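To keep things clear, I will list the structure first and then write my remarks on it.
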Amino acid sequence: MIRPAHIVLSAVLFISVTCRPQFGALPPFTIEIEAAGTTVPGLHSFAMAQSGSRWLIIGGRTNGLHGFSSNDAFPTQYANNEVVVIDTTNWQYWTSSLSALPYSMADPLRSTNMQFFQDSAYLYMVGGYGFDSILYDNRTFPTITALHVDNLINAVIAGTPIAPHIRQVVNNNLRVCGGELFRLGTDYYLVFGHDFQGTYTNPPTPYFTQVYTNQVRRFTLYDNGTTLTVSNFTYYTDTAQYHRRDLNVFPVVNPDESFSIGCYGGVFRTDAQLPFLNPVYISDTGISIHPYQQVMSHYTSAGIPLFDTATKKMYTVFLGGISLYDYDPLTNTVAVDSLVPFISDVTTLTKHANGNIEERVMPVQLPGLLGSNAEFVPAGNISLYPNGTIRFRDFPNQRTLIGYLYGGIRANAPNIPLTWANDTVYRIYLTPDFSVSSPRANLDIELLTLYPNPAQENITLQFKINKEREVSTEIYNAQGQSVACTPAKNYPAGHHMMPVGLAGLSPGIYFLKLSTGHDYRVISFIKR
């Protein structure tokens, strides 16, 4: 990741304003995070693939967030010079040095913030920023590398030469770092990013140049195991909305179970040194900018994509990272911070079948300021769509290990922090609640609204039930804890109004659950 120095160092830019984001109800699952109790090579901004219980990791950095002078920005000694293999069954790991390879092959593999995608047996790596030993300067590489995952893993474990399992092709269309690489159908998409040449410092001159692609580049990749070619480039250009790098790009399953690509956050806007907020969705028929403004996790972070076939909802869980907004679980407030701090929040962005988006801070925090430039790696027994999205309905109705949080940058403070590469693996567990996510059909509650919102001392519920029922309410805070309730009272079928007192509740975001014993709905409100 490359951040202008004044965003990090100019404390006068900090703004603390409690905002009222469009937070919705909790998704129909809970997330738990626990350390795996093991230490592995600490890396961030790398490329990786997996084969069963084994991970293959290449490139990235061994230190933390880059510095801002020509001496400490991207020192060559912190470029990852090892191919790393980790076996999750016993957390044993092996390494193989890239130094035995020729410079032209090794340098792109030692780069950072490359784009990568695993397509079955092969890991493809595109571009990346790093030191060119021949030119003796830092640059963005114009290469695509194909690595045979199983053969390379076996070579690293056996200590045999790795060069026979690596092939490279040069193409200037691939001179990109800080974007993402995805496949839709038979085509590949190089999403956003930039071409960074020279040694990063602040101010920029005369040490580097930086050119955003402002594009999504669609192309054909042909690989028969011997011949590797890229061709048929199509360019989708938008100098305003596609001026992005260091963003989150995750797979999306659409309501009809076709696939698309979701792009979230990224920096920097052309009108301000701030992240983008509007998601971008890419399909094989076009690209659209969504009007929703994302609240959390605007820089590259680990993410978990899940699709619910019953409700047709697409869930994307963001694990920490760096964000324009930061949630404080002690005060239950969300504040904007133009320094764009490291965060420990876990948030879920829900895309409904009708296209609407809502977001929710989950009632769990990461064990530290983690997630930035990290990867979520699904467990080997998890049911996935071909694009890598988790099939939510295939879960047992119990706590399940769904994968791991590996690598990334760890910080000791939100702003102007000390940082290092995280060397602890975390297990991620998910517990579904299918009763919450079941489709609504022939149920009791047809309508639920409330006013005023925000509220101070009281709110009034308006609801409609289609059968005579006993109705009760319960209020939950942002951590999912019950903080107030009303006893059940009998109501006939029809429209009703119910006053609810808010005395004793601290200011913040709350969720009210209206229940009939046979049905319930949840609605959010803000207490001032």
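Of all residues in region 290-315, how many are closer than 15 Å to Leu405 by Cα and in a strand (DSSP E or B)? Can you show your working first?
The initial filter retains those residues of region 290-315 that are closer than 15 Å to Leu405 by Cα, namely 300-305.
When the remaining residues are screened for being in a strand (DSSP E or B), the result is 301-305.
Residues that pass the stated criteria total 5.
Would you pick out the residues in region 108-123 that are touching a Leu at 6+ places or on another chain (Cβ under 8 Å) and open to solvent by less than 10 Å² (accessible area, probe 1.4 Å)?
Hits for region 108-123 are Leu109, Gln115, Leu123.
Name every residue in region 396-434 that is closer than 30 Å to Tyr520 by Cα and touching a residue at least 40 places away in the same chain (Cβ under 8 Å), in order of residue number.
Hits for region 396-434 are Arg399, Ile402, Ile428, Tyr429, Leu430, Thr431, Pro432, Asp433, Phe434.
Out of region 333-368, which residues are buried (at least 23 other Cβ atoms within 10 Å of the Cβ), of a type outside the set (S, T, N, Q) and not in a loop (DSSP other than H, G, I, E, B)?
Within region 333-368, Val334, Phe342, Ile343, Asp345, Val346, Leu349, Lys351, Arg360, Val361 meet the criteria.
Find the strands (runs of 3 or more DSSP E) located wholly in region 481-528 whose residues include 1 or more that are open to solvent by less than 30 Å² (accessible area, probe 1.4 Å), touching a residue at least 40 places away in the same chain (Cβ under 8 Å) and out of contact with any helix residue (DSSP H, G or I) (no Cβ under 7 Å at 6 or more places or on another chain), and list them. Please lay out each step first, then the result.
Details: elements: 482-491, 494-501, 508-515, 520-527.
Filter on region 481-528 gives 494-501, 508-515, 520-527.
Tell me the residue from Pro206, Pro164 that is open to solvent by 20 Å² or more (accessible area, probe 1.4 Å), at pLDDT 95 or above and not in a strand (DSSP E or B), please.
Numbers: Pro206 fails: at pLDDT 95 or above.
Going through Pro206, Pro164 in turn, just one is open to solvent by 20 Å² or more (accessible area, probe 1.4 Å), at pLDDT 95 or above and not in a strand (DSSP E or B): Pro164.
Can you tell which of Pro499, Pro507 is within 31 Å of the chain's Cα centre (by Cα) and not polar (S, T, N, Q)?
Of the residues listed, the single one that is within 31 Å of the chain's Cα centre (by Cα) and not polar (S, T, N, Q) is Pro507.
Residue-wise test of (1) touching a residue at least 40 places away in the same chain (Cβ under 8 Å); (2) assigned to a strand (DSSP E or B); (3) at negative phi; (4) open to solvent by 10 Å² or more (accessible area, probe 1.4 Å).
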{"position": "Leu65", "(1), (2), (3), (4)": "yes, no, yes, yes"}
{"position": "Phe68", "(1), (2), (3), (4)": "yes, no, yes, yes"}
{"position": "Gln77", "(1), (2), (3), (4)": "no, no, yes, yes"}
{"position": "Ser104", "(1), (2), (3), (4)": "yes, no, yes, yes"}
{"position": "Leu135", "(1), (2), (3), (4)": "no, no, yes, yes"}
{"position": "Leu147", "(1), (2), (3), (4)": "yes, yes, yes, no"}
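Which one of these is at pLDDT below 95 and within 23 Å of Thr160 (Cβ to Cβ): Ser51, Ser96, Ser70?
One residue alone meets the criteria, Ser51.
How do the strands (runs of 3 or more DSSP E) wholly within region 383-472 filter down when requiring 2 or more residues that are of a type in the set (Phe, Trp, Tyr), touching a Phe, Trp or Tyr at 6+ places or on another chain (Cβ under 8 Å) and under 19 Å from His44 (Cα atoms): which remain?
Where strands (runs of 3 or more DSSP E) fall fully within region 383-472 and carry at least 2 residues being of a type in the set (Phe, Trp, Tyr), touching a Phe, Trp or Tyr at 6+ places or on another chain (Cβ under 8 Å) and under 19 Å from His44 (Cα atoms), they are 400-406.
The values are calculated or read from the model by the stated rules, or taken from the named source; none is laboratory data. This structure is a prediction, so every number in the text was calculated from the model and none was measured. Because the Cβ atoms are built from the backbone with ideal geometry, glycine has one as well, and the counts that use them run over all protein chains shown. For accessibility, only protein heavy atoms count, side chains too; no ligands or nucleic acids. Shrake-Rupley method; radii C 1.70, N 1.55, O 1.52, S 1.80 Å.
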